Amino acid sequence: MAELMSPDSRRCTYFFLYDESKVRGEGDPTREGICYFYPEETPVDKQELLCGQLAGVVQCVSELSSSPVCSLRLHRNTFAIRMRDNFFWALGCSVEVPTISICELLDQLINLFCFYNGSVRQSYQLNSRESLAARWAQYLSHLRSGSSELQHIFSCLRTIDSAKVDPLLLLKAALILQTCQRCPPVLAGCILFRGRVVSTQMSPKLTMKVMVHESETYTKAQRPNGPSTSSSFGSTVSSTAVFLTMSELQYLQSVPVDKDFSSHSTPHNDASPKKTRLSRTLSDMAFTVSDSFDPNSSWPPQKVSFSSCLSESDNLMFSPVPSQTTIATPHPPPQRLKPPSSNGKRSDEAEEESHYYSFHSEGGGDSWIHSEGDGSVFEENSHISGDGGDGDAACDRVFRFRGVESGNEESHDAHMVVRDRVGSEGAQGHKPEQEPPPHSGAFDGPEESTLIPMTLYLHRVKGLVLALLVEPHFLSDTASTEEVYYSSLASLNGLEAHLRAIFPGAPDSPDFYIFAHFDCIQSTLTTNLSGRPRGAPEHPFVRATSLLHLHFCNTETLQEAIIRSASSAVYGTRSVAQETYFQVHGGSLRNSGIPYYQDSAFSLPTKARHKLLKHGVHLF
Amino acid sequence: FLGIHMEKKKTSLLKVILLGDGGVGKSSIMNRYVTNKFDAQLFHTIGVEFLNKDLEVDGRQVTLQIWDTAGQERFRSLRTPFYRGSDCCLLTFSVDDNQSFLNLGNWKKEFIYYADVKEPEKFPFVILGNKLDVVERQVSTEEAQQWCQENGDYPYYETSAKDAINVAVAFEEAVRRVLAIDERTDHFIPTDTVKLHRKPRSAATCCS
């Protein structure tokens, strides 16, 4: 099998989705089960070889060890493995890529598919393999393209270079999002500029999903025939159906707490509360650009009740759900309002912890549950027995989304779904075409059966995009669409003008060092490598970073490390929330080889502390 | 399609900019004029924002690009780069805030400096006294008119973005001033619109 691997490619070398339910009998050809195989030009017999053998090995190992297989390491390739519902996914990358990154990439890929298509099983029941193959190819190419190797290692969000942007503009972006949220059907949003995040109210993982559609519409907008829109606002506005997991939805529904603050508790004719609010936000901004904003602002909702979301979702999956539930308003009942000060801190810690553990796969089984819980379609099974205690009470109150049964609705054409839903809602009946069995236990696992249809609304102003997750009825609600469109248009125009004025030109002043700073909480990467041609002198840095990252992931207690060759040294340090890597260019290292106390590599920590301050990176 | 001329019409794009102290209602004036809406809960503007509005003034098709700016001092560095290229400046104060009226001169100076206006005495300024709906005024109409006369004979409008008073009139006047002062054709930039209209009776100043 080893000869199948191409050693040149450092990134994803193989990806396939194999449907074991299609290959039951001895005579069934393996190719019947191959739903998608990358690279697509691979001869079918080789596809069969890899699928069959990997599936067999995994089956064998998991039966012997009576635990699911997450990854397989071969001679040159590491495969991340996921199994669910008779579906078998494998993603293979070069062994140089940390296993954790590969596993995350595969999860991202599958979650992306579910986000835009809904349940995998139903997608394959209703669509041709060819059309879905195009989807897999699209998501795969999105995940592989555009990101530097460093971003690949950390699976991080692509953000604008916040060092170049006036923090006030980040605040402006955050305020645009808050203004949109005053409109009840709007759950949360993000603002992107040229494919990079300016501000987001969503979790990093959800933001990454949204960005796929953004880049797709951007490509289309470049063509003469722009994206089709049903909107009266011209070609700048478009929308598509998406599917949220229960935990994602609950997470977003913690935002209305903030919504209540902004739109209802603000006295209408009194300007002073707004003023206090803004100045408080401004003063918070003074620290660092990438820091959290105001406690009432966009970031913190992400941090609030992260862990409780998980436990809630566990309960919810098994709580009987009235199928005709309708919600008049997304505002939570008052008892959901928790004092932000007391709860916020605790939850922050909880989330930090969970992210921390997400990079420590060997820290124990629980850690993976936490890290994957908010997006993975697989892991939910394993933590059914999780701490359900305090989630119980909350779940009944939070669980107010419309039409649970729609999660199983046959919904693959994005625009059709929207229209259908609009129609049924208008008629008050909201009868699904078919009555799916509750939780459709036979095929769909808990996670998929609770995929909730939502709509992704995009408003583009040249390179700037406002992306909002809205309830499906939003599009038929003229008052809401107009409110959102007109309340944000001028600000988006302005923000675009500001950002466009910043980013052309402005060549990087060459630093004599390279650094990469990964924020595990926000899933963002700050580096002075971006924009330079890849390859050349940074390659050793990227390799060292990859290696150190792996060590940090595998050794919880490891905090600092220096890795060196004869010619260069890379310093790595990490805390619960961040990882930082630093290398000085060109400086000839004295005394390479033998450990020696005057080795200039030992001055790297101090240098890093000083040099990185101007990038907003604080090392202690 | 008989009788319909397909004519590639040239529309002039005019940039007008609203300046004045924070809180006098610049954003509200712009929103009232373009979207005919009033939001009492607007945040402070950060930096600049703008909206386009197509209108016809005296038979001329104009796209008005209205730039709204942040009034607070701390936003100065963000807004000033966008003054350049303005065709008209709407200096705004609030009739219930005397300080905002006293600051008009400073705003004019800031604009002339950063917009790099070559002939300040010929540049079209329009003065807006907003919040006419507020009962307790601090600036009388006479005072404001006097200031306008003494500083260059600028047109003065008392507006209310909240009650939609005089807003459209003021913008139309701004357009007239620009068109009257600047009859040159270099404002006319071709746009990609194709107008399905009969040829206008008035001979267009632009060549086609």
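Odds and ends about this structure:
- Options A:LEU492, A:LEU529; residue that is more than 20 Å from the chain's Cα centre (by Cα), modelled with pLDDT of 95 or more and either over 30 Å from A:SER119 (Cα atoms) or outside the structural domain of A:ALA174 (by the TED database) (or both): A:LEU492
- Residue that is nearest to A:LYS209 (Cα to Cα), among those in region A:460-479 that are within 14 Å of chain B (Cβ to nearest Cβ) and in contact (Cβ under 8 Å) with a residue 40 or more places away in the chain: A:LEU466
- Each residue in region A:169-202 was checked for being touching a Gly at 6+ places or on another chain (Cβ under 9 Å) and at pLDDT below 90, and 2 of them qualify.
- Filter result (open to solvent by less than 40 Å² (accessible area, probe 1.4 Å) and more than 7 Å from every other protein chain (Cβ to nearest Cβ)) within region B:33-58: B:TYR33, B:VAL34, B:THR45, B:LEU55, B:VAL57
- Residues (open to solvent by 50 Å² or more (accessible area, probe 1.4 Å), closer than 19 Å to B:GLY22 by Cα and free of Cβ contacts under 8 Å to residues at least 60 places away in the same chain) located in region B:104-135: B:ASN106, B:LYS109, B:TYR114, B:LEU132, B:ASP133
Conditions (1) at pLDDT below 90; (2) within 20 Å of the chain's Cα centre (by Cα); (3) under 19 Å from B:LEU51 (Cβ atoms); (4) surrounded by fewer than 13 Cβ atoms within 10 Å (Cβ to Cβ), marked per residue:
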{"site": "B:THR159", "(1), (2), (3), (4)": "no, yes, yes, no"}
{"site": "B:VAL167", "(1), (2), (3), (4)": "no, yes, yes, no"}
{"site": "B:ALA170", "(1), (2), (3), (4)": "no, yes, yes, no"}
{"site": "B:ARG176", "(1), (2), (3), (4)": "no, yes, no, no"}
{"site": "B:ILE181", "(1), (2), (3), (4)": "yes, yes, no, no"}
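- Residue match in region A:91-99 (condition: modelled with pLDDT of 90 or more, part of a helix (DSSP H, G or I) and open to solvent by 10 Å² or more (accessible area, probe 1.4 Å)): no
- Criterion (over 17 Å from the mean Cα position of the chain (by Cα) and closer than 17 Å to B:MET30 by Cβ) met by exactly one of B:PHE75, B:PHE82: B:PHE75
- Residues of region A:137-187 classified as more than 17 Å from the chain's Cα centre (by Cα) and outside any loop (DSSP other than H, G, I, E, B), total: 18
- Residues of region B:75-123 that turn out to be away from chain A (no Cβ under 14 Å), in a strand (DSSP E or B) and not aromatic (Phe, Trp, Tyr), as a count: 5
- Selection status of A:LEU106, touching a helix residue (DSSP H, G or I) at 6+ places or on another chain (Cβ under 6 Å), modelled with pLDDT of 90 or more and closer than 22 Å to A:VAL542 by Cα: no
- Residues satisfying the stated conditions in region B:59-71, i.e. in contact with a strand residue (DSSP E or B) (Cβ under 8 Å, 6 or more places away or on another chain) and more than 7 Å from every other protein chain (Cβ to nearest Cβ): B:ARG60, B:GLN61, B:VAL62, B:THR63, B:LEU64, B:GLN65, B:ILE66, B:TRP67, B:THR69, B:ALA70, B:GLY71
The values are calculated or read from the model by the stated rules, or taken from the named source; none is laboratory data. Computed from a predicted model, the values in this text were never measured in an experiment. Positions of Cβ are backbone-derived with ideal geometry, glycine not excepted, and every protein chain shown enters the neighbour counts. Side chains are part of the model used for accessible areas, which takes the heavy atoms of the whole protein and leaves out ligands, DNA and RNA. Shrake-Rupley method; radii C 1.70, N 1.55, O 1.52, S 1.80 Å.
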